[in-house]
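The values are calculated or read from the model by the stated rules, or taken from the named source; none is laboratory data. Since we're looking at a predicted model, the values are computed, not measured. Heads up: the accessible areas ignore ligands, DNA and RNA and are worked out on the full protein's heavy atoms, side chains in. Shrake-Rupley method; radii C 1.70, N 1.55, O 1.52, S 1.80 Å.
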Amino acid sequence: MNLNLEHLAAQPDRDRRQADPIGAILTRLHDDPTIADLIALRESKPDLCDAAVRAEAHRDAYGWSASQADVDSLARIALLTIAGAHAMIVSIFPASSIDDVDAKVSLQPTREWLANWQGSGDFVRGRIALAAFNPGQATVPPRTEMSLRESALYPWPPEGFDLAAEIDRLATRQIYTREQFEVLAAFAGEGLDMQSALEKARDYFSAADRLLKDAMRLGPMAHQTRLAAEGALIAAYLSCGQIAVWPARRGTRDRDAKLAMQALVNGRATTADPLHMQAAIRHGTTFTSQVSLVEPRLFADGRLGEWVGNV
């Protein structure tokens with residue numbers, strides 16, 4: 001799979017889409033999106049396998065960058081933020097194909113990770129990560145069944161999505177050039193307008209609730225209204241995901257926005273919102289837990305308050 005990152009340092013608009021993949025999706029919605037806009041968002045799901053590869057490649061590059069003295073700390077933070085954003089995309093969008101299921105399962109924590117967390121006394125983090133990448137009860141076509149006529153010497157079953165193999169195919173863990181790292185560092189320093197993302201999340205949640213209520217009336221537009229409600233809900237959780245994975249800059253209202261986002265998501269715990277969406281946000285906040293250690297002068301502690309609900 002080709003990550004296609006070569007234009008990062010060349011085009012400003014493309015730069016922002018690379019560094020903020022969630023924002024690139026949400027730009028499809030105007031300040032006052034129509035029903036058609038929300039339906040289009042619901043039905044134009046990105047390639048989740050590609051997003052999973054990008055999430056893992058950026059996380060791996062973050063680990064590699066720790067031993068590189070010439071990689072700026074802000075660029076390292078950007079790598080972790082981009083990894084988290086792609087993971088949010090995989091988690092929040094619903095699965096509608098076997099490839100989507102494979103993508104979600106590929107980002108679930110391994111037995112080793114679960115054992116490490118439990119060994120340190122953290123019995124909740126693993127459950128949250130498993131819930132965040134649970135493909136749910138989606139109706140997807142089954143894999144091809146093995147036939148007794150197949151060659152016993154040919155590899156079987158046919159290969160599906162293999163995240164580890166995709167990462168191994170990358171030429172190097174350094175997925176950006178030195179010049180591109182400078183661009184990433186600038187983005188990390190610029191940060192995200194969290195207050196704007198928070199307001200949009202509130203608007204999208206309100207729209208989702210209103211549209212879902214209308215869809216329950218089973219009128220002639222019920223199906224389209226239901227799709228629009230699902231699109232609004234996806235947009236709301238993507239907006240919260242942005243706030244979750246971007247670090248809180250000191251001297252700004254970022255931390256206030258993160259706490260308000262947490263309260264907003266806590267308020268959804270009593271709704272019928274899909275569990276994987278709610279768990280995604282809780283999981284997303286773990287991506288910024290290390291940021292204050294990497295650059296404490298610029299970024300505040302990423303820990304938040306108590307979460308509501310038993311994931």
Exposure rank, largest accessible area first [124, 101, 53; 1.4 Å]:
124, 101, 53
Per residue solvent-accessible surface (Å²) - segment 161-280, probe of 1.4 Å
47
Could you give each residue of segment 229-242 its phi-based ³J(HN,Hα) in whole Hz, using Karplus coefficients 6.51, -1.76, 1.60 with θ = phi - 60°, and x for Gly or Pro?
4, 5, x, 5, 5, 4, 4, 5, 6, 5, 4, 5, x, 4
Enumerate the lysines that residue 200 could reach by cross-link, defined here as Cα to Cα under 23 Å, with residues fewer than 8 away along the same chain left out.
45, 213, 258
